[in-house]
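Take a look at the structure below.
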Amino acid sequence: MIAWVSYDCLTDIKEIGRGGHATVYKATCLGGIIFKYGSDKSKRNVALKTVNLQEFENHDNCNSNYCAPNVYGLTLNPKTGEIIMVFQYAEDGDLANYLKKNWQH
C-alpha cells in the first residue's frame, strides 16, 4: 500500500543528485508516514524524486521484488504541481551503492 504524504511534512529539502530524467532530493519527513519497513520513527530521512505514473509503477513493481529502496508514498509539489515519489534514503550514498549492497536475486 502506498501512502499519501503531505508536502508540509517534508523539511530540509536539498538536491543530492541530477540525472538524465530527474533530480533527486534528500529531505526530513516529520511524521505523516506510517513506516512499514524497519523501526517506526517520527522523523526520518527520505529521498524525493519527481516521477510520472509509469515510472512510479515501475518502481513499485521493482520494490515488491526487493531490488530497490522502499517506496513510502507520493506527494505533490504545491509550486509545480509535479508528483513526487517519497522513498527510502540510501544511506550508502546513492542508488548504485545501495543496489550493490542490497541486491537479491
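None of the figures in this text is laboratory data; all of them are computed from the coordinates on show. What you see is a predicted model, and the numbers here were worked out from it, not measured in a lab. All Cβ positions, glycine included, derive from the backbone under ideal geometry; neighbour counts span all protein chains shown.
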- Message: Can you give the local net charge around Val86? Use residues other than it whose beta-carbon is closer than 11 angstrom to its beta-carbon, Lys and Arg +1, Asp and Glu -1.
- Response: +2
- Message: With the crude spin-label approximation of a point 7 Å out along Cα→Cβ, what separation in nm comes out for Leu76 versus Ser6?
- Response: 1.5 nm
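Mind sorting Ile83, Ile2 by how few other Cβ atoms lie within 10 Å of their own Cβ, fewest first? Walk me through the numbers on the way to the answer.
Working: Ile83 16, Ile2 13.
By the 10 Å Cβ count, ascending, the order reads Ile2, Ile83.
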